[in-house]
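See below for the structure under consideration.
The values are calculated or read from the model by the stated rules, or taken from the named source; none is laboratory data. These figures come from a predicted structure and were not determined experimentally. Glycine also receives a Cβ, built like all others from the backbone with ideal geometry; neighbour counts cover every protein chain displayed.
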């Protein structure tokens with residue numbers, strides 16, 4: 001491989017690379033030393049045969065349309081490099097813009113001798129900035145290296161930089177290059193009315209029918225991503241079309257930027273929510289354990305079971321026990337602060353809203369890129385309007401109280417997506433490519449997640465059973481004081497499953513995976529001709545997006561109900577139990593000392609992308625209403641003592657810590673009496689009438705066995721864990 005320069009006359013010097021046998025694009029590209037670029041434009045067309053009557057108009061299109069768009073988008077232009085046909089027009093157009101666009105010509109060295117040598121064929125175009133001279137002595141020998149440079153300029157695995165092929169006129173060589181571009185999934189813009197291949201494609205595209213003896217054209221029509229612009233239009237219109245296709249300042253790139261912003265901030269809010277919930281669980285569990293340790297082992301006053309006061313511990317030099325005493329004072333305060341912070345900042349609600357907004361935008365992006373449904377007419381305008389509606393609704397919710405931070409690396413480029421080769425996020429998607437990068441990618445994701453969620457669910461369930469069994473054993477050997485800790489452990493595990501909605505999410509993922517597999521099977525069962533029909537393509541995209549939207553809506557509804565349950569205020573704490581029952585700190589204020597309810601009129605709904613714009617929003621009460629969930633956040637922690645609903649295990653009414661004791665009536669007793677209070681199976685739901693004051697308890701109340709909460713840990717988990725939708 002040889003690097004050189006070519007004097008093209010009039011002070012123009014081009015950098016040239018003479019590629020030796022076997023030279024690759026990866027070797028040639030660094031030698032070209034091209035300036036940074038933002039897009040790639042590949043010009044495909046004829047070197048001769050253009051109708052001279054069209055030349056004046058073509059010059060306007062190349063100068064005021066194509067060259068200007070290439071400059072505005074920061075594109076590198078690739079073509080054949082000769083001073084003939086569309087290559088000459090491209091060079092003149094770039095020159096009219098001050099030659100500020102890198103213009104790379106690729107041609108066989110044997111057919112294009114440099115200036116100053118005896119002419120043996122077409123000369124090199126004098127306005128190109130770079131040349132690559134390849135092996136071969138026939139037109140078409142340069143094609144492999146031309147497309148290799150295209151792939152290298154697009155970025156790793158052809159997934160980085162927007163690229164577009166422009167077809168103007170063209171003959172047999174151009175037709176083969178168009179086929180190669182289609183096989184590389186390069187979107188093509190055809191300038192209809194310029195003759196040759198361009199007009200043949202424009203004539204056959206409406207019916208997608210090629211002559212039986214032309215397999216090349218048939219493959220292009222079946223697999224290609226083609227759009228058309230008529231020579232009867234304006235040069236400025238063609239330029240705007242190119243700018244949109246290459247991504248600069250287009251609604252597509254702006255929509256991807258908005259998606260990336262919402263997606264990143266949803267992840268930020270999710271991490272905050274997870275950290276807060278896990279902190280509440282761990283602090284509650286630690287508080288329960290430390291309280292038991294203090295009750296059993298802390299120094300007591302001589303001759304009594306009463307703990308020494310903190311001042312006496314300090315004076316006696318038992319600083320460890322003094323520190324434990326202070327920790328048991330601090331933990332409830334910290335829990336209260338965390339609960340207040342959760343109520344104030346509402347990270348969980350913001351996470352749901354931002355995630356819903358991001359996925360709604362993504363659905364619109366795929367509708368736009370496949371040109372299905374309403375996106376068949378004025379797609380750019382419709383996409384902009386839909387994204388505006390989604391963002392407007394989202395920002396009328398609690399999301400508006402947080403600053404949206406830019407994702408790492410800045411916005412404006414689509415995120416990494418699936419497919420082989422990876423999807424660039426900007427190209428138009430034919431039906432087969434949509435199945436690969438959208439349907440198959442989501443199907444694989446659901447199946448992977450379902451396996452992980454099932455493993456997580458099994459692990460937590462076995463841990464729950466194990467902890468419950470330990471509690472049963474401790475009760476059998478007379479260590480009842482530790483039962484509160486095992487109950488707190490069961491509650492912690494159940495609370496974790498509850499706020500993560502593990503079981504309901506697993507159910508939704510399995511349902512969605514089955515639905516997507518059915519859509520995929522239906523599509524592959526269609527004949528090749530049926531797969532080309534637009535109504536079937538519309539059904540493919542609409543059904544796939546409906547499955548994905550249904551999964552998201554179900555997940556959001558479950559999470560909203562979980563948040564609503566966490567936000568509900570608990571009843572008042574019961575009277576302290578008898579001395580025989582050790583006082584233990586409340587384990588999980590995330591559920592038992594819950595957040596205050598949301599504001600009644602705060603809008604929290606997610607925009608439905610296919611609806612017409614509307615100003616009607618769901619309020620918090622409407623969105624966070626009536627679905628079984630975690631009423632009190634953590635099973636078994638109703639009134640302050642882990643595992644004791646009303647102070648004494650197994651006695652709902654009529655023992656110390658009675659729910660309906662006049663001295664221990666919760667603030668919402670009227671609501672409870674009206675039948676609106678939670679009575680799920682784990683709450684010992686058998687109601688016993690309260691006797692008149694001074695009378696004895698009914699025999700049936702006294703006959704109720706005093707079973708500790710841990711003994712029915714499996715029943716607690718089954719009753720409290722979220723079920724399928």
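Quick notes
- Hits in the stretch 303-335 (condition: within 30 Å of residue 405 (Cα to Cα) and modelled with pLDDT of 90 or more): 334
- One residue stands out in the stretch 475-492 among those that are more than 16 Å from residue 291 (Cβ to Cβ) and touching a helix residue (DSSP H, G or I) at 6+ places or on another chain (Cβ under 7 Å): the one that is surrounded by the most Cβ atoms within 10 Å (Cβ to Cβ), namely 490.
- Taking the listed residues 201, 217, the one that is assigned to a helix (DSSP H, G or I), assigned by TED's automatic domain parsing to the domain that holds residue 59 and out of contact with any strand residue (DSSP E or B) (no Cβ under 8 Å at 6 or more places or on another chain) is 217, with no other qualifying.
- Qualifying residue in the stretch 261-273 (condition: in contact with a helix residue (DSSP H, G or I) (Cβ under 8 Å, 6 or more places away or on another chain) and surrounded by fewer than 16 Cβ atoms within 10 Å (Cβ to Cβ)): no
- Among (1) touching a helix residue (DSSP H, G or I) at 6+ places or on another chain (Cβ under 6 Å); (2) surrounded by 15 or more Cβ atoms within 10 Å (Cβ to Cβ), the one test that residue 15 misses: (1)
- Filter result for residue 495 (buried (at least 21 other Cβ atoms within 10 Å of the Cβ), at pLDDT below 90, out of contact with any helix residue (DSSP H, G or I) (no Cβ under 7 Å at 6 or more places or on another chain) and assigned to a helix (DSSP H, G or I)): no
To keep it simple, each residue is scored yes or no on (1) within 18 Å of the chain's Cα centre (by Cα); (2) modelled with pLDDT of 90 or more; (3) outside the structural domain of residue 532 (by TED's automatic domain parsing).
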site	(1), (2), (3)
339	no, no, no
351	yes, no, no
354	yes, yes, no
387	yes, yes, no
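- Against the numbered list (1) in contact (Cβ under 8 Å) with a residue 60 or more places away in the chain; (2) part of a helix (DSSP H, G or I), residue 267 comes up short only at (1).
- Residue in the stretch 49-56 that is assigned by TED's automatic domain parsing to the domain that holds residue 93, touching a helix residue (DSSP H, G or I) at 6+ places or on another chain (Cβ under 8 Å) and within 14 Å of residue 104 (Cβ to Cβ) present: no
- Across the stretch 286-299, a minimum of one residue is classified as buried (at least 16 other Cβ atoms within 10 Å of the Cβ) and assigned to a loop (DSSP other than H, G, I, E, B).
- Just one of the listed residues (232, 237) is assigned to a helix (DSSP H, G or I), on the phi < 0 side of the Ramachandran plot and outside the structural domain of residue 384 (by TED's automatic domain parsing), and it is 237.
- The lone exception for residue 343 - which of (1) modelled with pLDDT under 85; (2) within 26 Å of the chain's Cα centre (by Cα); (3) surrounded by fewer than 19 Cβ atoms within 10 Å (Cβ to Cβ); (4) closer than 30 Å to residue 532 by Cα it fails: (4)
- Being over 25 Å from residue 241 (Cβ atoms), surrounded by fewer than 20 Cβ atoms within 10 Å (Cβ to Cβ) and modelled with pLDDT of 90 or more holds for only one residue in 391, 401, and it is 391.
- The lone criterion from (1) crowded, with 17+ Cβ neighbours inside 10 Å; (2) out of contact with any strand residue (DSSP E or B) (no Cβ under 8 Å at 6 or more places or on another chain); (3) within 30 Å of residue 154 (Cβ to Cβ) left unmet by residue 432 is number (1).
- Flag not set for residue 513, criterion: in the same structural domain as residue 372 (by TED's automatic domain parsing), over 20 Å from residue 449 (Cα atoms) and assigned to a helix (DSSP H, G or I).
For (1) touching a residue at least 40 places away in the same chain (Cβ under 8 Å); (2) under 26 Å from residue 425 (Cα atoms); (3) touching a helix residue (DSSP H, G or I) at 6+ places or on another chain (Cβ under 7 Å), each residue gets a yes or a no:
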residue	(1), (2), (3)
186	yes, yes, no
195	yes, no, no
199	no, no, no
204	no, no, yes
212	no, no, no
215	no, no, no
224	yes, yes, yes
236	yes, yes, yes
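- Among the residues of the stretch 169-184, those that are part of a loop (DSSP other than H, G, I, E, B) and crowded, with 23+ Cβ neighbours inside 10 Å comprise 169, 170.
- Enumeration of residues in the stretch 63-81 that are surrounded by 24 or more Cβ atoms within 10 Å (Cβ to Cβ) and without any contact (Cβ under 8 Å) to a residue 60 or more places away in the chain: 67, 77, 79, 81
- Pairs where the first residue, in the stretch 454-472, is assigned to a helix (DSSP H, G or I) and the second is at pLDDT below 90 and surrounded by fewer than 15 Cβ atoms within 10 Å (Cβ to Cβ), C-beta under 8 Å, 6+ apart: 464/714; 465/714; 468/714
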